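The values are calculated or read from the model by the stated rules, or taken from the named source; none is laboratory data. Just so it is clear, the structure is predicted and the values come from calculations on it, not from any experiment. Glycine also receives a Cβ, built like all others from the backbone with ideal geometry; neighbour counts cover every protein chain displayed.
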Ligand code: NI
């Protein structure tokens, strides 16, 4: 297939709960490849299958630096590679971290969200083999953000109730204006 369309808030499909993948077959591998391609073109650091309209438990993340521009001098390269996880489950959570998050499905808005600082995530890789990964910092945030999508949860759903209603009202208005334009 290739590039897929990214759904944006308030598309009701983003609120659906995704179902587990039974077999990592060619269709799922194609989905993973398409999700990476779509994510890179959109310049995101993560993408979940429901964001491209597929309610299956598949996520991709790549929090590593892209090219020279992203790396500040003297800063160590994050030992991070593109990661695809099928049926991801957070098995261990430690500590708390606040991060300014954004989402390809919520364009034009970022806000601080608190999540576990360090996690161990388990699932299947692109070959259908069991995998386990320890993550902290941006990678941990990113994986938890993507797993939220599989539950139909957006980062704006994690803001305070008051803030959430204000932000969602604004985003809905903006989306309506874009349709009219
Ligand atoms: Ni997102």
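Structure notes:
- Residues of region 107-147 that are surrounded by 15 or more Cβ atoms within 10 Å (Cβ to Cβ), without any contact (Cβ under 8 Å) to a residue 24 or more places away in the chain and under 16 Å from the mean Cα position of the chain (by Cα): 135 alone.
To keep it simple, each residue is scored yes or no on (1) away from the ligand (no atom under 15 Å from the Cβ); (2) in a strand (DSSP E or B).
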{"position": "81", "(1), (2)": "yes, no"}
{"position": "87", "(1), (2)": "yes, yes"}
{"position": "113", "(1), (2)": "no, yes"}
{"position": "123", "(1), (2)": "yes, yes"}
{"position": "135", "(1), (2)": "yes, yes"}
{"position": "167", "(1), (2)": "no, no"}
{"position": "176", "(1), (2)": "yes, no"}
{"position": "179", "(1), (2)": "yes, no"}
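- Residue 119 passes every criterion in (1) modelled with pLDDT under 95; (2) assigned to a strand (DSSP E or B) apart from (1).
- Residue within region 141-154 that is assigned to a helix (DSSP H, G or I), more than 16 Å from the ligand (Cβ to nearest atom) and either within 20 Å of residue 5 (Cα to Cα) or modelled with pLDDT under 95 (or both) present: no
- Across region 15-61, the qualifying residues are those that are assigned to a strand (DSSP E or B) and surrounded by 15 or more Cβ atoms within 10 Å (Cβ to Cβ), and the one among them that is farthest from the ligand (Cβ to nearest atom) is 56.
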